[in-house]
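Encoded as structure tokens, the structure appears first; notes follow it.
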Amino acid sequence: LAKTTQPISMDSYEGQEVNITCSHNNIATNDYITWYQQFPSQGPRFIIQGYKTKVTNEVASLFIPADRKSSTLSLPRVSLSDTAVYYCPHGSSNTGKLIFGQGTTLQVKP
Amino acid sequence: DAGVIQSPRHEVTEMGQEVTLRCKPISGHNSLFWYRQTMMRGLELLIYFNNNVPIDDSGMPEDRFSAKMPNASFSTLKIQPSEPRDSAVYFCASSSGTLMNTEAFFGQGTRLTVV
């Protein structure tokens, strides 16, 4: 069963750059790579999406190597409000399923 | 658009009672998803609709769970009879195409407590 793997937790300090890496086991040719953020008592929120190379938006950057077996979400200069759970769900372009793992709990400290 | 709207936000019920959770997807979206989130199991996909038709319900835990989407603007998730182990936060999400090149928008969730 194709799935993604990411670290359970990470700690950082305000102002630092945070990089969270995800392994994409058996990613299919047509599948995009997406990342979501979830705050307590809220639903997950889409952050960024890419297919290969690098994508940047106002929130984050996403780096995808040529083999697409992994991806790295980069959060520049994090603040306390970036404390959240970050997910790189596996999506199947065939079935439409979006499967979330346990995510990475990022704790930003002052 | 107000986003994906779920109701109720909180539900407390006694074991054995029927529970119905409701979802209004974003207008124009043709895919709808129901998820369940617990500390132990994380965020689990229960069922997925496309154009109001159930496409994949393999995540529905057992026959006590059922979901319907009578039209493009409304879906329900029903648990009958409810059990304490059903206590969780249930999320509804919608998207405008396949998930692979569009984002999914989640509602605020319904926190269900079965006592």
Checklist outcome for this item: Quick calc of log₁₀ I(q)/I(0), chain A, Debye, one scatterer on every Cα, no solvent, q values 0.12, 0.17 1/Å, result -0.38, -0.75
Item to check | Cβ-placed point charges (K, R +1; D, E -1), dipole of chain A about Cα centre in debye, nearest 20 | outcome: 280
Checklist entry - Restricting to lysine pairs 8 or more places apart or on different chains, what number in the protein assembly as shown have Cα atoms under 22 Å apart? => result 14
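Eigenvalues of the Cα gyration tensor times 5, then square-rooted: what semi-axes does that give for chain B, in whole angstrom, largest first?
Each semi-axis is the square root of five times an eigenvalue, giving 23, 14, 13 Å.
Rounding to the nearest 20 debye, state how big the charge dipole of segment A:46-106 is about its Cα centre with +1 on each Lys and Arg Cβ and -1 on each Asp and Glu Cβ.
200
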Checklist entry - What would the Debye formula give as log10 I(q)/I(0) at q = 0.16, 0.21, 0.22, 0.29 Å⁻¹ for the alpha-carbon point model of segment B:44-103, no solvent? => result -0.56, -0.91, -0.99, -1.46
Checklist entry - Just in segment B:32-115: which GluC sites (Glu not before Pro) are loop by DSSP and have at most 16 other Cβ atoms within 10 Å? => result B:E62
Checklist entry - What residue among A:Q37, A:Q49, A:Q16 has the largest mean-square fluctuation in a Gaussian network model of chain A, using Cα springs under 10 Å? => result A:Q16
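Would you mind working out the magnitude of the charge dipole of chain B relative to its Cα centre, with +1 at each Lys and Arg C-beta and -1 at each Asp and Glu C-beta, to the nearest 20 Debye?
Using only the charged Cβ atoms, the result is roughly 200 debye.
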Checklist outcome for this item: Ordered by number, the trypsin sites (Lys or Arg not before Pro) in segment B:12-115 that occupy a DSSP loop and have at most 12 other Cβ atoms within 10 Å are B:R41
Item to check | Between segment A:68-87 and segment B:6-71, the alpha-carbon center distance in angstrom | outcome: 28
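Read-outs throughout are calculated quantities, based only on the coordinates presented, and are distinct from any laboratory measurement. As the structure is a prediction and not an experimental result, all values here were calculated from the model. Neighbour counts run over all protein chains shown; Cβ positions are idealised from the backbone, glycine included.
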